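Asker: Quick one: the structure is below, questions incoming.
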């Protein structure tokens, strides 16, 4: 890695009919009941794509600085709108810090996710810096992304302790609406599971390490796909750690009622939903539905549906030359004018201007 080693509200109780058996996961139950998987839908629509994967094998003193998403995206994959990164500590311990967050200590089995594009530092001590310039750091990432560097980065200050970190970088769309990113903190620290819990992430890490240390034909493609799988598994692990008091979109997946509503909206986004139709769909009252959904997701169901439709539309506008009237129909609008008003209200620009901006910049970005 481009590092340096010379310096040392209270939950709302569900209705009886909303409760699923305690032996099952509410998020999984929603998938079983509706056939829709909201998390998979979001990750597909926001085009989550692995862009970089490598392993760091180092010793203290060691430090590595990761640039902010905007600069990093230009270096490793210019057409990526936003970069999300995560690191899994497979041996040893280290620290992660951002300019605005206190240092977080990571131990073996822990994962840190930096979802909002902040610059950050990984190091064997909480306050050391690399002394490298931004250009030097970006050059290193550019060389790693282009395959000029090995998958396993061996460096460090010569200390007796070893530190092994699996590093994954993914591209996705953050605008106009990415509900997964919106629900995550600036730094997400997911601790290793208890010994009694299954660890599918560990199995993926083991496979990735084996592939990295003994690469074969197609290894780069394999590791990029593993980067995606590992991120999804980290989100699953995070879901299991959420308490009953937790809010946010991901917490909503685990709520028996809200999880079914999200699955319905994502399973049939073109449907002419109303609050009354949704309430009938999940067998509850409109008032309970609105209150519970807003408690977890942060906005009423119809507002959420509008924003999700606009995210789907943004992807269609970016990825094809389909007519705007066809995009409007695809996301549930009979009127192109009504769709254009809704799109501009959320993004600040008309659909045609959004598409033209993408074509001019050559990037899938809304900024």
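No value in this document is a laboratory result; all are computed from the given coordinates. In this text the structure is predicted, and so the values were computed from the model without any measurement. Positions of Cβ are backbone-derived with ideal geometry, glycine not excepted, and every protein chain shown enters the neighbour counts.
Asker: Show me 247-260, 214-227, 68-81 ranked by packing, highest mean number of other Cβ atoms within 10 Å first.
Answerer: Values: 247-260: 23.4, 214-227: 14.2, 68-81: 19.1.
Highest-to-lowest ranking by the protection proxy: 247-260, 68-81, 214-227.
Asker: Beta carbons within 10 angstrom, averaged per residue: use that to sort the peptides 184-194, 145-155, 119-129, highest first.
Answerer: Working: 184-194: 15.5, 145-155: 13.9, 119-129: 18.5.
So the peptides 184-194, 145-155, 119-129, ranked by packing, come out 119-129, 184-194, 145-155.
Asker: Which number comes out as Rg/Rh for the chain once both Rg and the Kirkwood Rh are worked out on C-alpha atoms? Display every interim value, and only then the final one.
Answerer: Numbers: Rg = 21.8 Å, Rh = 22.0 Å.
Here the Rg-to-Rh quotient is 0.99.
Asker: Hey, another quick one. Can you give the three extents of the C-alpha atoms in region 268-362 along their principal axes, from longest to shortest, in whole Å?
Answerer: Answer, in whole Å and largest first: 47, 24, 19 Å.
Asker: What is the extension gain from residue 345 to residue 155, computed as 0.36 nm multiplied by their sequence separation minus the C-alpha to C-alpha distance, in nm to one decimal? It would help to have the intermediate numbers written out before the result.
Answerer: Values: separation 190, 0.36 × 190 = 68.40 nm, distance 4.99 nm.
Computed gain between residue 345 and residue 155 is 63.4 nm.
Asker: Can you list the residues of region 204-235 with backbone N under 18 Å from a point 7 Å past the Cα of residue 198, pointing along Cα to Cβ?
Answerer: Output list for this probe position: 204-207, 229-235.
Asker: With only alpha-carbon atoms counted, please give the Rg and Dmax of region 156-271, in Å.
Answerer: In Å, with Rg to one decimal and Dmax whole: 17.7, 61.
Asker: Alpha carbon centre of region 297-347 versus region 77-129: separation in Å?
Answerer: Cα centroid to Cα centroid, the span is 34 Å.
Asker: Now for a different question. Using r as the Cβ-Cβ distance of residue 107 and residue 321, and R0 as 56 Å, what FRET efficiency do you calculate, to the nearest 0.05?
Answerer: On the way: r = 50 Å, r/R0 = 0.90.
In this case the efficiency is close to 0.65.
Asker: Measuring from label point to label point, each 7 Å out along Cα→Cβ, what is the residue 217 to residue 136 span in nm?
Answerer: Placing both labels 7 Å beyond Cα along the Cβ direction yields 4.0 nm.
Asker: Same structure again: Add -39500 (n - 2.57) for each DSSP H run of 4 or more in the chain, then divide by its residues: what number comes out at 222 nm, to the nearest 500 deg cm²/dmol?
Answerer: Numbers: 15 runs with 165 residues, N = 367.
That comes out to -13500 deg cm²/dmol.
Asker: Once Rh for region 39-241 is found with the Kirkwood sum over Cα pairs, what is the Stokes-Einstein diffusion coefficient at 10 °C and 1.306 mPa s, in µm²/s?
Answerer: Value of D from the Cα-based Kirkwood radius: 93 µm²/s.
Asker: Past the 20 angstrom mark, what percentage of all C-alpha to C-alpha distances in region 197-265 do you count?
Answerer: Tail fraction, whole percent: 47.
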